[in-house]
Each structure stands twice: as C-alpha cells, then as structure tokens.
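The values are calculated or read from the model by the stated rules, or taken from the named source; none is laboratory data. The structure displayed is predicted, hence computed values, not measured ones. Glycine gets a Cβ as well: all are built from the backbone with ideal geometry, and neighbour counts include every protein chain shown.
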Amino acid sequence: MSLKSYRIALAGLGNVGSALLTILQREEESLRKRYGIRFLVTGVAELGGGAIDLAGLDLNLLLETLGAKLSVAGLPGIGRPGMTGLELVELARPDILLEATPVNLQDGQPGMGIVKFALRQGVHTVLANKGPLALAYAELAAMSDLGFGWGRDFEPNLQPINRPKLRFSATVAGALPSINLGWRDLAGCGILRLEAVFNGTTQYILRAMEAGQSYAEALSDAQQRGIAETDPALDVDGWDAAAKLVIAANAVLGQTCCLADVDVRGIRGLSQDSLLQAAFNSQRLVLVCLAELQGGNYCLSVRPTPLPLDHPLARLTPDEMGVVYYTRDVERLSAASSEPSATPAAAAMLRDMLEIVRGI
C-alpha cells in the first residue's frame, strides 16, 4: 500500500487539541498500516502564538511543552510568537485545518474567522468548536461540499467540484455519532423526532443531585473535577446543549435555524425535590434536547424533562451522553457514548479526518 501524506494545521491546544496530538502520535503506525495514511502536523496555534515546521512538527516535543504548561511559541527555531489562526492557515499550508479553539456563542470568534478563511482557501476543515456552526451553519455549509445536498434541498445546478469538505461530528457531543447516525444510518428515512442529552456537565450535576447533593454542591464538585467551567453558565443555562441541537437540526434535519429558534431552559433553578419527585413517579429528570416535527417544521427545545426509567436517555450514567432518533421507517434508533474527558471528542475529529481523506 502506497503511503499518502496529508498536511495538518491545528488551531487550539486546549484539552481537545492536546488529546488529538496524543492520539495522532500513538496511532501513527496504525494509520499507516490500516489506511496507508500519514498525518503530518505542519503547524499549531494557540492564544499568543504557535509553531510551524513544514517538514512536520515533533509531536513528542509539542506534548512535552504543553504538559509543562509552556507556550509552543517559545520553541527554538519553530516557535512563532503572536501568530494568529489566519497566519497558521497561510504558513502551515495544510490540506486539512483542525479547529479546536474555545467556544464563543456571541460572534464565534476567533474560530469563525479561521474557518471561513480556510474554506475560502480550499482547505478541508474539521471542527470541534461548535460556535461557528451554531451561529452560521448555512453560510459555512455553502462554502463547502455540504452546499451540495446535505441537510438541505437538492439543487441540481450546484457542482461539488473543488469545494473543500467540512466535517464536525465532534461538535455534537464528542464521540457520540449524532450527526453520522442521521446522515448515513438513517439516510432516506423521514425523521419525526430527535431526543438527546447533549451536555455532559448537566448530566453529571443532575445525577449527583439525584444521589443526594444540592445543586450548589453538585456544581462545585463538577468544577473541582474539571467537568464544569469556572463560569458554568453555557452548560447549566442550557445554551451549550442548544448550540448542539441547532447544529443537528441544520445538518441532519435540514431545517435552517439559529439559537433564537430554540426554547431554552437550563437546570440552574432546579431543586433536589424536583428530582426526588420524578423518582417517586418512577421517572428520571434529564436535560433533554428535543426536535419534534409539527406541521412541516421541527419545534426545538432544551429543558429538564421527566422520562420513564426505561427510556434510553434515562438509563445514561453520569459520564454519558446519548441521542434517540424516531423515524417513519426505523421506529427508534439510539446511541450513547461515555465522555469523561476530552479524548472522545478528539477521537471524533480523527474520525472526520479519515472520512475526508478517504473521500478525496
């Protein structure tokens, strides 16, 4: 099998970006043997700078630097202090951009600008950052191969030639195949309803409250374990889950929508009594993302919902997220994924990378 190399640029060296570098380092030989592929990381960037080497960066050196809490911009010879994400795309000359910068649901930056620039340059793009897609799915899809048929009405006059590929399965609950189930496994089926647990932080907090902790205690515990951010608003107020639902609705259900179209209620105001009352009624309270077909359009909501104990989403553990599709032809299809760290999301990015290169 002939070996094919692909140049990779990674924007974002937080938990997901670092985990992806670890996977690429560990699986280098496996990727060569199984797929005849070598991913050559020619550039990385984080806040304050990055590193460039067109011959391929030393992943051991990058991981050691990150593990020591040092900036890769300070590495001798290859460090680029002050380098931006846009400059990363120019200097690293990637075949594929990997975008894993922090989520921003206000204007999507800096990820939005980086992704648009890469797509305009014809660079295939894989996102773990949900911000750009939640805010501008239709625009980004139109710049990519997804403007030709996926998630919208087919337009026979569009030509997919020379359109860069855009993939983002990691943005909707990490390794959980939420998008892939809808695109591939339910292709041709009329989807009537989607139910999901798309936020791991609230799932953890609710199960801790169910076990006897107060909301404040459960949140503090989640923050100490690194499950919740110092400012947990996006999670506990439901907006992280809503962003993922918006991406799924646009991509899989073909409904053009934005965050303002989702009826959002988080878990901040829930008391322990609410969970105990649900348990008394043989139910479990879950933060459910719902898309339900009504009169030709999907109604979108995120809200705490009591579910019967035998429901797939009620059976999830504190570290799991899950999705359930109901269709005209496949009555119910569900999947769950354990997401205790950033590694599953990084694995989803690699999954998307392989899909892209196998289709080139």
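Data overview
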read-out: Test: residue in the stretch 199-214 that is among the β-branched types (Val, Ile, Thr) and closer than 20 Å to GLN255 by Cα; value: no
read-out: Residues satisfying the stated conditions in the stretch 237-247, i.e. in contact with a Gly (Cβ under 7 Å, 6 or more places away or on another chain) and crowded, with 24+ Cβ neighbours inside 10 Å; value: GLY238
read-out: Helices (runs of 4 or more DSSP H) (entirely within the stretch 175-275) containing at least 2 residues that are in contact with a Phe, Trp or Tyr (Cβ under 8 Å, 6 or more places away or on another chain); value: 200-210, 215-224, 239-251
read-out: Test: residue in the stretch 12-26 that is in the same structural domain as ARG351 (by TED's automatic domain parsing) and free of Cβ contacts under 8 Å to residues at least 40 places away in the same chain; value: yes
read-out: Qualifying residue in the stretch 283-304 (condition: surrounded by 20 or more Cβ atoms within 10 Å (Cβ to Cβ) and in a loop (DSSP other than H, G, I, E, B)); value: no
read-out: Scan of the stretch 192-219 for residues that are free of Cβ contacts under 8 Å to residues at least 40 places away in the same chain and surrounded by 15 or more Cβ atoms within 10 Å (Cβ to Cβ), ordered by number; value: THR201, ALA218, LEU219
read-out: Yes/no for PRO318 being part of a loop (DSSP other than H, G, I, E, B) and surrounded by 14 or more Cβ atoms within 10 Å (Cβ to Cβ); value: yes
read-out: Unique residue being under 27 Å from PHE280 (Cα atoms) and small (Gly, Ala, Ser) when the list is GLY188, GLY212; value: GLY212
read-out: Filtered residues of the stretch 313-359 (kept if free of Cβ contacts under 8 Å to residues at least 24 places away in the same chain and over 15 Å from the mean Cα position of the chain (by Cα)); value: ARG315, GLU331, ARG332, SER334
